[in-house]
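Following: one structure in structure tokens, then a few remarks.
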Amino acid sequence: IGKIRGFDVLLEAFEKIKEDYPDTYLLVSGQIAGDVNINNGNVMFREFPKREQIVEAVNASDVAVIPNPVNAFTEYCFPYKLVEYMACKVPIVATKVGDVAGILSKYKGSLCKPNDADDLAKKIIAKLKSNGRIDYGKDLKNFEWKALAKRLNAIIKTD
């Protein structure tokens with residue numbers, strides 16, 4: 001949890017959301033970088049040592065957010081949590097960066113501009129208002145071992 005992954009932009013967006021929705025809470029979990037202060041009203045930090053607890057937390061969420069900024073790390077990383085969020089059918093808002101942008105591009109209102117707290121807040125509010133789960137099943141099939149092995153095999157055979 002740090003600026004390299006856009007947490008500062010998420011906090012700024014969260015402040016904007018709280019102006020109109022003061023009963024909104026932000027649940028965060030993970031390692032906190034030294035440049036981040038999570039001591040903020042309505043921000044809850046929890047550790048989830050067991051995998052089942054992560055699934056419960058994601059399923060209890062109304063929206064999952066991946067606020068990555070544009071940088072060398074986020075352009076080429078693949079946040080595994082994206083697949084976890086999709087498996088739980090939680091509406092996702094993410095910045096339009098790297099592979100995440102390609103995967104979520106077909107889901108209306110799921111992508112926002114990088115480093116733009118206003119746009120992030122607007123997209124989160126829209127997902128909160130939609131109040132529903134999203135079936136990402138068709139896209140999740142691309143991440144099953146059989147599909148990944150088939151793609152890897154095709155790459156190996158072409159070299």
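The values are calculated or read from the model by the stated rules, or taken from the named source; none is laboratory data. Note that the structure is predicted; figures quoted are calculated from it, not measured. Ideal geometry is used to build each Cβ from the backbone, glycine not excepted, and the neighbour counts take in all protein chains shown. For the accessible areas, the whole protein counts, side chains as well, though only heavy atoms, and no ligand, DNA or RNA atoms are used. Shrake-Rupley method; radii C 1.70, N 1.55, O 1.52, S 1.80 Å.
Take the residues in region 113-156 that are of a type in the set (S, T, N, Q) and open to solvent by 90 Å² or more (accessible area, probe 1.4 Å); name whichever of them is farthest from the chain's Cα centre (by Cα).
Taking region 113-156 as the starting set, the residues that turn out to be of a type in the set (S, T, N, Q) are 115, 130-131, 142, 153.
Pick out the ones that are also open to solvent by 90 Å² or more (accessible area, probe 1.4 Å) and you get 115, 131.
Details: 115: 14, 131: 17 Å.
Restricting to residues being of a type in the set (S, T, N, Q) and open to solvent by 90 Å² or more (accessible area, probe 1.4 Å), the top hit is 131.
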Q.
Being at pLDDT 95 or above, surrounded by 11 or more Cβ atoms within 10 Å (Cβ to Cβ) and not β-branched (Val, Ile, Thr) is the requirement here; does residue 101 meet it?
A. no
Q: Looking for whichever is aromatic (Phe, Trp, Tyr), over 18 Å from residue 82 (Cβ atoms), open to solvent by less than 90 Å² (accessible area, probe 1.4 Å) and without any contact (Cβ under 8 Å) to a residue 60 or more places away in the chain here; the options are 45, 14. Which one fits?
A: 45
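What do you reckon, is residue 89 farther than 17 Å from residue 5 by Cα, basic (Lys, Arg) and at pLDDT below 95? Explain how you work it out, then say what you get.
Values: farther than 17 Å from residue 5 by Cα: yes; basic (Lys, Arg): yes; at pLDDT below 95: no.
For residue 89, the condition - farther than 17 Å from residue 5 by Cα, basic (Lys, Arg) and at pLDDT below 95 - is not met.
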Q.
When you scan region 59-77, do you find a residue that is at pLDDT below 90, touching a Leu at 6+ places or on another chain (Cβ under 6 Å) and either under 25 Å from residue 105 (Cβ atoms) or among the hydrophobic types (A, V, I, L, M, F, W, C) (or both), even just one?
A. no
Q) Looking at (1) closer than 20 Å to residue 116 by Cβ; (2) surrounded by 13 or more Cβ atoms within 10 Å (Cβ to Cβ); (3) in contact (Cβ under 8 Å) with a residue 60 or more places away in the chain, which is the one condition that is false for residue 8? A) (3)
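Enumerate the helices (runs of 4 or more DSSP H) found wholly within region 94-159, keeping only those where 1 or more residues are farther than 20 Å from residue 59 by Cα.
98-104, 117-130, 145-158
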Q. So is residue 80 open to solvent by less than 30 Å² (accessible area, probe 1.4 Å) and of a type in the set (Ser, Thr, Tyr) or not?
A. no
